[in-house]
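Colleague: My questions will all concern the structure given below.
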Amino acid sequence: IIVITLYYFMSSSVQPKTKIGTDAQYAIAISVPQDLCTNEQSHIENVFSREEAQYVKDFITEGKTCVRCSASQNVTATRPNVVTDEHSEHILLFPPGNSPLDTLLKNTDQNNCVVFYSYNSPCVKKCIKSADNIFPGLENWENVRKGGMNVFVFGKLWKDAKKEIANDFLMINKLVRLYRCMSTNVMECQNCVNGNTANPFCLPENKSILLYFQEMLLSMIEFVSTCFLIIKILYWH
């Protein structure tokens with residue numbers, strides 16, 4: 001319940017935009033009463049209003065990190081650092097023990113739900129398989145709230161996501177339950193791991209061989225067209 005409710009609320013009220021008006025990457029963590037996680041009659045606006053959501057949206061759009069910056073003081077959020085290229089998830093989770101998320105957790109009732117939402121899937125290439133990996137932060141979150149309701153939710157798959165991210169998602173899910181939410185004709189959220197298997201709902205779609213040939217043919221046509229254009233320009237000059 002909380003996953004779908006939060007996804008809808010964040011995507012409609014907090015989602016920042018790029019300069020050209022497209023949805024921008026950001027990450028946000030929110031602490032809410034357990035009742036909101038278990039009672040479908042509960043409303044997130046009772047603990048995080050749309051006015052607060054707009055304030056947080058404006059705050060992070062300016063390039064700042066919100067650390068309990070709303071009136072309810074139950075939210076921390078940020079966008080990627082364009083100067084250092086640090087991912088938004090890493091900003092909120094690092095350094096473990098003294099991160100923006102830790103500040104939120106220190107002021108959170110142990111019985112609350114803590115939901116971490118990222119517009120894009122957890123960065124894998126940089127944030128999981130390098131010195132900037134997010135696992136120490138996730139492990140710290142789990143240790144601080146061991147046995148608590150902790151959920152990691154993402155919406156879009158990062159553009160460079162490969163099928164191999166299934167193993168990374170399995171690793172994340174061992175620490176924090178991982179969900180993906182999508183809104184096409186209807187809003188849908190699914191757990192990214194069932195047993196020891198990654199849910200295809202959370203993974204890149206398998207392209208058919210025909211589709212690969214189509215893409216290859218289009219690339220060849222584009223390449224040949226470009227070559228003819230260059231030859232034509234050189235000929236007339």
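The values are calculated or read from the model by the stated rules, or taken from the named source; none is laboratory data. Here the structure is a predicted model, which means the values were calculated and not measured. Neighbour counts are summed over all protein chains in view; Cβ atoms, including those assigned to glycine, are modelled from backbone coordinates with ideal geometry.
Colleague: Within the stretch 174-191, which residues are out of contact with any Cys (no Cβ under 6 Å at 6 or more places or on another chain) and closer than 23 Å to residue 139 by Cα?
Modeller: 174, 175, 176, 177, 190, 191 - these are the residues of the stretch 174-191 that are out of contact with any Cys (no Cβ under 6 Å at 6 or more places or on another chain) and closer than 23 Å to residue 139 by Cα.
Colleague: Name the single residue, out of those in the stretch 25-47 being of a type in the set (A, V, I, L, M, F, W, C) and at pLDDT below 95, that is farthest from residue 191 (Cα to Cα).
Modeller: Residue satisfying both the conditions and the ranking: 47.
Colleague: Filter the stretch 19-43 for residues that are farther than 19 Å from residue 123 by Cα and of a type in the set (S, T, N, Q) and give the result.
Modeller: Listed by number, the residues that qualify are 22, 31, 34, 38, 39, 41, 42.
Colleague: Mind listing whichever residues of the stretch 144-160 are in contact (Cβ under 8 Å) with a residue 40 or more places away in the chain, farther than 18 Å from residue 183 by Cβ and either basic (Lys, Arg) or not in a strand (DSSP E or B) (or both)?
Modeller: 144, 145
Colleague: List the residue pairs whose Cβ atoms are under 9 Å apart, where the first residue sits in the stretch 59-80 and is free of Cβ contacts under 8 Å to residues at least 60 places away in the same chain and outside the structural domain of residue 29 (by TED's automatic domain parsing), the second is crowded, with 19+ Cβ neighbours inside 10 Å and hydrophobic (A, V, I, L, M, F, W, C), and the two are 6 or more positions apart or on different chains.
Modeller: none
Colleague: Based on what the data block shows, is residue 71 among the small types (Gly, Ala, Ser) and surrounded by fewer than 13 Cβ atoms within 10 Å (Cβ to Cβ)?
Modeller: Yes: the conditions hold for residue 71.
Colleague: Inside the stretch 145-164, can you point out the residues that are buried (at least 19 other Cβ atoms within 10 Å of the Cβ) and modelled with pLDDT under 90?
Modeller: 158, 161
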